[in-house]
Amino acid sequence: MTLSTFKRTVFTVLFLSAFSFGFAKDTQEGGDDEKFDPKEMILHHVKDAYGMHIATLNQGEENELHITIPLPLILWTENGLTTFMSSEFHHDYNGEVIVEKNGQRFVNVHEKVYVLDEGATSVQYDEEHHPTNAHRPKLDLSITRNVFMMWVSMILLFTIFLTAARSYKKSKNGVPSGVGSFVEPLIVFVRDEIARPMIGEHKYRKYMPYLLTIFFFIWINNIFGLIPILNGANLSGNIAFTFTLAAITFIITTFSGNKNYWKHIFWMPGVPVPMKIFLMPIEIIGMFVKPISLMIRLFANITAGHVIILALMSLIFVFKSYAIAPVSVAFSLFITVIEVIVTAIQAYIFTILSALYFGMATEEEHH
Amino acid sequence: MDLITPEFGLVFWTLITFLILLFILRKFAWKPILGAVSDREDGIRNALASAEKARLEMQNLHADNERILQEARAEREAMLKDAREMKNKMITDAKDEAQSQANKMIEQAQVAIESEKKAAMAELKSHVAGLSVEIAEKVVRQELSNKDKQLKLVEDMLGDAKLN
C-alpha cells in the first residue's frame, strides 16, 4: 500500500506542476459576515465543476488567491462549436461573470453553463433559482473536473497495468516483479473470487477484461475521491458515471443472455401458468432494476461518504469555533478510514454483481 | 435534483474513456497478465504432477529393488540349502559306499579264510590219516610179530565185545 500511496502522491504533484495555475481575484465571495451555508458548500463539492479548484488563499482579503487548474469547456450551441477555458469565468458560479464567445454570452450558474438569450445582459432567476432568460447549450461536452480526474485515473491505470504486463514479459519464468507482483493478487482475486464462482469455469474468461477494468476503474476513482487536495473529484459518486457503467453491464448482460435466461424472464419454468403470467412483468422489471440498483448503490455510497466528511468539517464553520475542530477532525478521520475500506468494497460489489448478472444470463439449463 | 440527473457530457466522456481503457487494457495488460498467470499455474500443476509421478516411480523402483533383493536372498538361501544337502548326501553316500566295500572285503576275506581253513584241514586230515596208517602199520607189525600177543588181542577184543 505504501508503494501505491507514494506513487499516487508523486503522480499528483507531477500532474499539478504540469499545469499553469490560474490565479485570479475573487469577485463575488464576500467577507466574514457572509452566512456559511453547509448545504451549498457540500453540493458544490459533491457535484461536477468546470474548473479544478485546489485551494483558496487569503480568503476574504484584498489579495485573495484561487489555485485552480483551468479546464476547457466544449459547447455545441446554435452558433456551432464554442470552446474556452474555465478560467474565463474567474471562479464565478453565480452567473455574474459573462463570457462573450462566438457571438454568444455564457454564464456559469452553479457549475452549469447557460447561454444568455438574445439581448440579455444579466441572468434573471425565478423563485427556484432557475435562470429565466438563459438556456443550456445544445451539447455540453466540457472537460469538467470529473472528466479530468477520469483521465488522470486512466493514465494511472495504464501506467500501473502496462508496467505490470511488461514485468511479466521481462521475466523469463513468468514471475512478475515490482508493480506486477503488487497487482497480481488483485487480478487473481477478481478472477478466483468474482469471475469464477459467479460466472462459472467455462465462460468466465470472456468477461474477465470487463470485470477487471470496471473493478480497477471504480476503485481508483473511489480513492481519488478521498484525496482532499483534489477537492471532491467525486467521479464515482456522480450518477452519470455510475449510470454509464451500469448501462454497459446491462448491455453485456442482455446480449449474452441465452435461451434459458430469456425463458426464465418470459415464461418461468416449473410454475403453474397463472404464476408464469404473474411473474413475467416482475422479471421484466427485474431486468432493469438490477443495473439501476448498481447505479444507485455506487453513487449513493460514495456521495454519502463525501457528504458525511464535508458535513463534519462544516461543523467548524457552523459553530464558528476552533474548539469544535478536534471533534470534527477526529470524526472525519474516522469516516475517512471507513471510506478507504468502502472504496474497495464498492468496487468489489459493483464487479461481483455485474459478474453475477453475467452468470445468470449465461447459465445453462439444469434439471 | 441535478445531483441525481446524469449529465450527458459526463456520460459521453465516461463511455469513451471506459471503452479506451477496456480496449487497451484488454489487449496490453489483461491478456498478457492473465496468460502469464495461467501459464504459470499450469506449469506449477504440471510440475506437481510430474513430481508425484516421479515419486510413484521411485516408490515402484524401490519396491522392485526390495523384491529383487528378497528374491536374491531367497535364492542364496536355497543355494546354500542345496549345497548343504548335497554335502550331506555325498558324505552319506561315501560312508555307505565305504561300508559296503568294507563289508564286501570282510566277507571275501572270511570266505577265503574259510576255504583256506578247509583246505588246511583236509590236508591235515590226509596227513594225519597217512601218519596213522603208517603208525598203525608199524604197531601192528610189531604187535603181531608173536602169536601170544595176537591171541591176547583177540581175547581183549572179545572181552570188550562181551562187555558190550
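Coordinate-derived values only; no laboratory data. Quick caveat, the model's predicted, so the values are computed rather than measured. Reconstructed Cβ throughout: ideal geometry from the backbone, glycine too, with neighbour counts over all protein chains shown.
A crude spin-label estimate for the pair residue B:119 and residue B:27, with each label 7 Å from Cα along the Cβ direction, gives 13.4 nm. Membrane-span-like helices in chain B, defined here as complete DSSP H runs extending at least 30 Å along the helix axis by their C-alpha atoms with mean Kyte-Doolittle hydropathy no lower than 1.0, are absent; this is a sequence and geometry rule, not a statement about a membrane.
Taking Cα atoms, how many degrees apart are the long axis of helix A:179-189 and the longest axis of chain A, rounded to 10 and kept between 0 and 90? It works out to around 60 degrees.
Between residue A:132 and residue A:172, what FRET efficiency follows from the Cβ-Cβ distance if R0 is 60 Å, with the result rounded to 0.05? Plugging the Cβ-Cβ distance into 1/(1 + (r/R0)^6) gives 0.30. For residue B:150, the shell of other residues with beta-carbons less than 13 Å away shows a net charge of 0, using +1 for Lys and Arg and -1 for Asp and Glu. Kirkwood-type hydrodynamic radius, region A:245-367: 17.5 Å, calculated from all non-identical alpha-carbon pairs. Taking the Cα centre of region A:217-367 as reference, the dipole from Cβ charges on Lys and Arg (+1) and Asp and Glu (-1) amounts to some 240 debye.
Cα extents for region A:22-143 along the principal axes, largest to smallest and rounded to whole angstrom: 41, 32, 26. Of the trypsin sites (Lys or Arg not before Pro) found in region A:261-333, those in coil by DSSP whose Cβ has at most 13 other Cβ atoms within 10 Å are A:320.
Longest stretch of chain A clear of exposed loop sites (GluC sites (Glu not before Pro), DSSP loop, at most 13 other Cβ atoms within 10 Å, sites excluded): A:202-363. In this rough spin-label picture, where each label sits 7 Å from Cα along the Cβ direction, the residue A:324-residue B:59 distance is 7.4 nm. Within the same chain, aspartates and glutamates fewer than 8 places from residue A:263 are excluded, and of the rest, those with a Cα less than 18 Å from its Cα are A:283, A:363, A:364, A:365. Here residue B:81 is the anchor, and the aspartates and glutamates within straight C-alpha reach of less than 16 Å, apart from those fewer than 8 places off in the same chain, are B:71.
Taking a point 7 Å from the Cα of residue A:58 along the Cα-to-Cβ direction, the residues of region A:68-99 with backbone N closer than 16 Å to it are A:68. Pairs with C-alpha atoms separated by more than 21 Å, drawn from the list A:203/A:259; B:104/B:125; A:112/A:320, are B:104/B:125; A:112/A:320. By the compact-protein rule of thumb, 2.2 N^0.38 Å, the alpha-carbon radius of gyration of region B:27-163 corresponds to a ratio of 3.83. Peptide A:216-226 has a mean shielding of 1, counted as Cβ atoms of other protein chains within 10 Å of each residue's Cβ.
Each other residue within a Cβ distance under 13 Å of residue A:171 adds +1 if Lys or Arg and -1 if Asp or Glu, for a net charge of +3. By the helix-only formula, in which each DSSP H run with n ≥ 4 contributes -39500 (n - 2.57) and the sum is divided by residues, chain B has a 222 nm mean residue ellipticity of -34000 deg cm²/dmol. Straight Cα distances below 23 angstrom link residue B:87 to the lysines B:95, with same-chain residues fewer than 8 positions distant left out.
With a Förster radius of 51 Å applied to the C-beta separation of residue A:35 and residue B:45, the computed FRET efficiency comes to 0.15.
Taking label points 7 Å from Cα along the Cα-to-Cβ direction, residue B:90 and residue B:109 give a separation of 2.9 nm.
Below 12 angstrom from the Cβ of residue B:45, what's the summed charge of the other residues (Lys, Arg +1; Asp, Glu -1)?
Once all neighbours under 12 Å are counted, the net charge is -3.
Each 20 Å bin from 0 upward holds the following percent of the Cα-Cα pairs of the protein assembly as shown: 15, 32, 18, 6, 5, 4, 4, 5, 5, 4, 2, 0. With contributions of -39500 (n - 2.57) from each DSSP H run of at least four residues, the per-residue ellipticity at 222 nm computed over chain A stands at -19000 deg cm²/dmol.
Taking the number of other C-beta atoms within 10 Å as the exposure measure, put A:168, A:50, A:207 in order starting with the fewest.
Ordered by Cβ neighbours within 10 Å, fewest first: A:207, A:168, A:50.
The mean number of partner chain beta-carbon atoms within 10 angstrom of a residue's beta-carbon across peptide B:32-45 is 5.
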